[in-house]
1. Could you list all residues from region 61-96 that are in contact with a Lys or Arg (Cβ under 9 Å, 6 or more places away or on another chain) and either within 14 Å of ligand 2 (Cβ to nearest atom) or over 22 Å from Ser133 (Cβ atoms) (or both)?
2. Specify the residue that is surrounded by the fewest Cβ atoms within 10 Å (Cβ to Cβ); the eligible residues are those in region 97-147 that are of a type in the set (Asp, Glu) and within 16 Å of ligand 2 (Cβ to nearest atom).
3. I'm trying to understand the selection: among the residues of region 1-54, which are touching a residue at least 24 places away in the same chain (Cβ under 8 Å), basic (Lys, Arg) and either at positive phi or in a helix (DSSP H, G or I) (or both)?
4. On the basis of being within 18 Å of Lys80 (Cα to Cα) and at pLDDT 95 or above, does Val24 make the cut?
5. When you scan region 82-99, how many residues do you find that are within 18 Å of Thr116 (Cα to Cα) and assigned to a helix (DSSP H, G or I)?
Amino acid sequence: MTRRYDLQVHTDASPCSSAPPERVAAAAVDAGLDGIAVTDHDTLANVDAVRDAAPEGLEVIAAVEVTTTEGHLLALDVSKAPPRTDPLTAIDHVHDQGGVAVLSHPFDTLRQYYETDLDALADAVDGVEAVNSRCVRRRYNERAAAFASARGLPTTGGSDAHFPMEVGRAYTSVEGDGSLADAVRDGRVRPGGRGRYLSGHVATKLHRFRTASGRTAANLVSRRLP
Ligand SMILES: [Zn+2]
Ligand SMILES: [Zn+2]
């Protein structure tokens, strides 16, 4: 049996998204997914709301996209948001809770990315996101896949949706029964779907422009993507 999960989905609990929980749940059903990880930036605030809106048969994984001092980290199947700290400490927090830690778009240099102590990182982490739909350059996902392959790490996929229409653009295929977390630990996961979704970033910039209050125009045109 193969299940499909989108392992990176944001909602309006993220400052860069305006997606209401019920629309995210509906979009996941429309995309034919078996589950999604709700991965808002540094918060679990909307996990229960998405669960409440999800129909029977759509699994909702409690998750966080942690802002570490280097790259972003997906903390999957956690009950508390890990602190915004260095990557290795954040990974320890995830493991202490029984969750799994996956490097999120790890080498996308237009966003936060990882560059130091990659050996220690590879030893500590459970997996690497190798298909992220919001990586606008193909080489960012390719480098993530090559890193995972060289280190023997499982790979996942996620849309990094900030709008409902993006949900399911990338996904993780899961082989076998049991929990998603165990499937990542056992390496029974495989990424699929599409990267290079530039228009999502354009939509996020517009959203920020509409919601920005008291922020300078310079912030809005910064080269860093959400
Ligand atoms: Zn991210
Ligand atoms: Zn974001």
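1. Here is the first cut: in region 61-96, the residues in contact with a Lys or Arg (Cβ under 9 Å, 6 or more places away or on another chain) are 62, 64, 66-69, 71-72, 90, 93.
Of everything in region 61-96, those that are in contact with a Lys or Arg (Cβ under 9 Å, 6 or more places away or on another chain) and either within 14 Å of ligand 2 (Cβ to nearest atom) or over 22 Å from Ser133 (Cβ atoms) (or both) turn out to be Val64, Val66, Thr67, Thr69, Gly71, His72, Ala90, His93.
2. Asp108
3. Result: Arg23, single match.
4. No.
5. 6
The values are calculated or read from the model by the stated rules, or taken from the named source; none is laboratory data. Remember, it's a predicted structure, so these values are computed and weren't measured experimentally. With ideal geometry, Cβ positions are generated from the backbone for all residues, glycine too; neighbour counts draw on all protein chains shown.
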